[in-house]
């Protein structure tokens with residue numbers, strides 16, 4: 001499974017847009033890129049998933065360049081409640097295949 | 001959306017006892033479930049893959065005799081920490097995908113906090 005590299009931490013203020021970039025140079029053809037959010041003492045929560053180009057949902061956007069060796073999670077207008085750890089995971093979406101977690105990015109949002 | 005539920009959410013036990021943690025897929029079926037462990041301020045580490053009707057597959061370094069996994073049905077997997085010791089204290093999280101969904105996302109449970117005294 002492809003290894004991912006993310007910044008260890010990021011700081012932001014309420015109302016700002018936050019972009020977290022993840023590097024995954026060894027991504028395979030059948031790998032998807034999935035981002036999860038985790039609050040302390042809770043399980044990871046799915047944010048967004050994509051294969052290529054751009055994906056947008058009600059909470060975030062995911063930008064994936066043509067070579068797919070990186071991806072950027074964009075959180076528009078963050079609030080204090082967005083303070084969490086964000087994980088970028090790369091792997092096939094097969095029923096029998098787990099996802100391997102990297103270190104994640106701790107996002108701290110201040111007022 | 002799909003929900004994965006774990007029970008108990010918190011458990012405290014004495015050293016030497018065994019603790020069972022359940023993982024249920026509430027509105028979907030899963031032939032495979034995954035168990036992770038997370039230590040404070042660390043990332044999730046995959047422990048094992050639970051396979052319905054067959055033996056679990058353990059990651060390197062995970063003792064299969066200590067962490068017993070049973071996947072008796074398409075909606076339930078259990079993790080039993082046998083003869084627990086303080087170093088087994090951790091946050092245990094399970095996950096699963098809906099077998100009916102192609103390229104489906106991986107759903108995670110709320111986690112179970114184990115404290116061994």
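Throughout, read-outs are computed from the coordinates displayed, never taken from laboratory work. Fair warning: this is a prediction, and the values are worked out from it, not measured in the lab. Backbone-built Cβ (ideal geometry, glycine too); neighbour counts: all protein chains shown.
Which of A:15, A:43, A:91 ends up with the largest GNM mean-square fluctuation for chain A, with Cα atoms connected below 10 Å?
A:43
Among B:39, B:107, B:91, which one shows the highest mean-square fluctuation when chain B is modelled as a Gaussian network with alpha-carbon springs under 10 Å?
For chain B, modelled as a Gaussian network with Cα springs under 10 Å, the answer is B:39.
Peptide A:36-49: average number of partner chain Cβ atoms within 10 Å per residue? Could the numbers behind the result be given before it?
Values: counts 4, 0, 6, 0, 3, 8, 7, 15, 10, 3, 6, 0, 1, 4.
Mean number of neighbouring Cβ atoms from other chains: 5.
Kindly identify region A:1-54 as rounded, prolate or oblate by the Cα gyration tensor criterion: order the square roots of the eigenvalues as a ≥ b ≥ c, call it rounded if a/c is under 1.5, otherwise compare a/b with b/c, prolate if a/b is larger, else oblate.
Because a/c hits 1.5 or more and a/b exceeds b/c, region A:1-54 counts as prolate.
Return the Rg/Rh value of chain A, two decimal places, where both radii are evaluated on C-alpha atoms and Rh is the Kirkwood radius.
Numbers: Rg = 13.4 Å, Rh = 14.0 Å.
Reported Rg/Rh (Cα atoms, Kirkwood Rh): 0.95.
Let me understand the protein assembly as shown better: what is its radius of gyration from the alpha carbons, and its Dmax, in angstrom?
Rg, Dmax (Cα atoms, Å): 17.7, 54.
What percent do you get for the relative contact order of chain B when only Cα pairs under 8 Å and 6+ apart count?
The value is 37 percent.
If you bin the C-alpha pair distances of chain B every 5 Å from 0, what whole percents do you get?
In whole percents, the pair-distance histogram is 2, 13, 23, 25, 20, 10, 4, 1, 0.
For region A:42-83, just say rounded, prolate or oblate: build the C-alpha gyration tensor, square-root its eigenvalues into a ≥ b ≥ c, call rounded for a/c under 1.5, and beyond that prolate if a/b exceeds b/c, oblate if not.
In terms of gyration-tensor shape, prolate.
Which whole-percent values make up P(r) of region B:60-117 when all C-alpha to C-alpha distances are grouped in 10 Å steps starting at zero?
19, 44, 28, 8, 0
Please average, across the residues of A:85-92, the number of beta carbons from any other chain that are within 10 Å of each residue's own beta carbon, and give a whole number. Please report the intermediate quantities before stating the final value.
Working: counts 2, 0, 2, 0, 2, 0, 1, 1.
Average per residue, whole number: 1.
Going by C-beta contacts inside 10 Å, put A:47, B:12 in order with the fewest on the left.
With the sparsest Cβ surroundings first, the list reads B:12, A:47.
Taking springs between alpha-carbon atoms closer than 10 angstrom, which of B:17, B:32, B:75 fluctuates most in the Gaussian network model of chain B?
Among B:17, B:32, B:75, the largest mean-square fluctuation in the Gaussian network model of chain B belongs to B:17.
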